[in-house]
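Right, one structure below, let's go through it.
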Amino acid sequence: MRADNRIIQEFQKILNSNRLAHAYLFEGGNKKQRHEMALFLAKTQFCENLKDNLPCMECNACNTIDLSDNPDVLEIDTEKRSIGVDEVKIYKESMATRATQGKTKVLVINDAQKMTPQAANNLLKFIEEPDGNVLIVMLANSKNQILPTILSRVQTFKISESDSDSYIEELKKRDFTDRNIQIIIETTELKTVEDMTDEDFTKFLTETKDWFVKSLNGDLSAFIKVQTNIKKMADNRKQQELFWDLVEQLFSDEISLKYDLNREKLLDSDVNTAITTTKLTNQVDLYLDTITKWKSNVSFQACLELLTLNLINREVGV
Ligand SMILES: [Zn+2]
C-alpha cells in the first residue's frame with residue numbers, strides 16, 4: 001500500500017491548514033494507484049489514529065475502508081461505458097441520507113471520464129452546494145478526458161506513472177521519435193503500438209487526424225476514407241483501439257482549443273471554428289456511443305461509418 005508520496009505531502013499541507021475542498025481529481029498512474037489515492041484521502045476523514053493529519057493505514061477504520069465496508073464511503077465503479085445522470089442522483093441521495101455521526105461522506109468516482117455531460121452537471125451542482133460535509137474524489141486516466149466545466153471546479157493531482165520510464169526506454173530502442181513517444185505515452189497504451197514502427201505510427205496519426213478534420217468539416221471524403229485508408233490501416237483490434245484513443249485525444253484537443261485550456265497534444269488550431277461547444281459536446285457523445293458499440297463487438301468499420309455519417313450529416317445541438 002504505497003500511495004504517491006508527493007501527493008500525500010501536498011494533502012498533509014492542505015489538511016494541516018484545514019483547507020480540504022469538496023472535490024478532487026486524480027489523474028495519471030494506473031487504475032490501482034488512483035484508487036489507492038482515493039482511499040487514502042477517505043481514510044484522512046475516518047482514521048482513528050491520525051498522525052499529523054495523515055491516516056495510520058492500519059486501524060479498524062482504515063481497514064474498513066480498504067474492505068469497502070464503511071457506509072460513508074461510497075464508490076461508483078461501472079463496467080458500463082457511461083455514468084448517467086440517474087446513477088449520480090442515486091449516489092447523491094444515498095449520501096444525503098447517510099449522515100452517520102456527522103462524519104464526512106466520501107464519494108469515489110472511478111473512471112470519471114465516463115460521466116455524461118448531464119451527470120457531470122448534476123454532480124457540479126452538488127459540489128457547489130454540498131449537503132453537509134462531502135468529499136468527492138474523481139479518478140481518471142487523464143484530465144483531458146474530463147469536461148472543462150468540471151475541471152474548472154476541482155483541484156487536479158497527477159499521479160506519477162512509474163511505468164512510463166520503461167515505456168519510454170522501449171520506444172526509444174525501437175527508434176521512435178521523442179515527439180511520437182510523448183504522444184503515445186499521453187494518449188494510448190503501449191500495446192496498441194506493439195507491432196508498429198515510428199513511421200507506421202506517424203502515418204497512422206496523419207490519417208486519423210485527416211479523417212477527424214474532414215469529419216468535423218462535413219466533408220464526405222471522410223466517409224470514403226473509412227472504406228479505404230482507415231479500414232486498411234486499422235485491421236486488427238489493437239490498431240482500432242489506437243484509432244479510438246487518438247480520436248478521443250483529438251476531441252479533447254478541439255475542446256481545449258474552444259475553451260482556451262492550452263492542453264492540446266495533436267492539434268495546432270481549431271479545426272472548425274463554426275462548431276459551437278454544445279455541438280462539440282454532442283459529437284463527443286456520438287463518439288462515446290460508437291465506442292460502446294465497438295466494445296460490444298459491432299464491427300469497427302460499421303461503427304466508424306456510422307460515426308462518420310453522424311458527424312458529417314447530423315445536425316446535433318444548436
Ligand atoms: Zn487509521
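By a straight-distance test (C-alpha under 29 Å), which lysines pair with Lys172 as possible cross-link partners, with residues fewer than eight away in the same chain excluded? Within the straight-line limit of under 29 Å, Lys172 reaches these lysines: Lys31, Lys32, Lys143, Lys158, Lys191, Lys203, Lys209, Lys231, Lys232, Lys238, Lys265. Once the Cα atoms are used to define both axes, helix 164-173 deviates from the longest principal axis of the chain by about 30 degrees. Summary value for the stretch 165-311: 22 percent relative contact order, contacts being C-alpha pairs under 8 angstrom separated by 6+ residues.
The modelled label-to-label distance between Lys31 and Ile8, using points 7 Å beyond Cα along the C-beta direction, is 2.5 nm. Mean residue ellipticity at 222 nm, helices only, the chain: -16000 deg cm²/dmol; runs of at least 4 DSSP H residues each add -39,500 (n - 2.57), and the sum is divided by the number of residues. Of the residues Thr149, Met37, Gln113, the one whose Cα sits farthest toward the positive end of the charge dipole of the stretch 5-161, with +1 on the Cβ of Lys and Arg and -1 on the Cβ of Asp and Glu, is Thr149. Length available on full extension from Leu261 to Leu67: 0.36 nm per residue minus the Cα-Cα distance, which gives 66.0 nm.
Give the whole-number value, in cubic angstrom per residue, of the convex hull volume spanned by the C-alpha atoms of the stretch 106-195. If you can, show how the numbers build up before the last one.
Numbers: hull volume 10.1 nm³, N = 90.
Once divided by residue count, the hull of the stretch 106-195 is 112 Å³.
Report, in debye and to the nearest 20, how large the dipole of the stretch 113-220 comes out about its Cα centre when Lys and Arg carry +1 and Asp and Glu carry -1 on their Cβ.
Working: 13 positive and 20 negative charges, 98 e Å.
Magnitude of the dipole: close to 460 debye.
Hey, which lysines would be in cross-link range of Lys89, C-alpha to C-alpha under 19 Å, not counting anything within fewer than 8 residues on its own chain? Result set, ordered by chain and number: Lys80, Lys105, Lys114, Lys125. Please give the Cα centre distance for the stretch 237-268 versus the stretch 157-219, rounded to the nearest Å. If you average the Cα positions of each part, the centres end up 11 Å apart. Strictly greater than 34 Å: what percent of every Cα pair in the chain meets that? For the chain, the fraction of Cα-Cα distances above 34 Å is 29 percent. Sorted fewest first by neighbouring Cβ atoms within 10 angstrom, Leu147, Leu190 come out as Leu190, Leu147.
Highest GNM mean-square fluctuation, the chain, Cα pairs closer than 10 Å: which of Ile90, Ile109, Ile127? Comparing Ile90, Ile109, Ile127 in a Gaussian network model of the chain, the most mobile one is Ile90. Averaging the sequence gap over all C-alpha pairs within less than 8 Å and six or more residues apart, then dividing by the number of residues, gives the chain a relative contact order of 16 percent.
Among the GluC sites (Glu not before Pro) found in the stretch 57-158, those both in a DSSP coil and sparsely packed, with 10 or fewer other Cβ atoms within 10 Å of their Cβ, are Glu79.
No lab work stands behind these numbers, since they all come straight from the coordinates. The structure presented is a predicted model; accordingly, all values stated were derived computationally and were not measured. Using ideal geometry, Cβ is built from the backbone for each residue, glycine included, and neighbour counts are taken over all protein chains shown.
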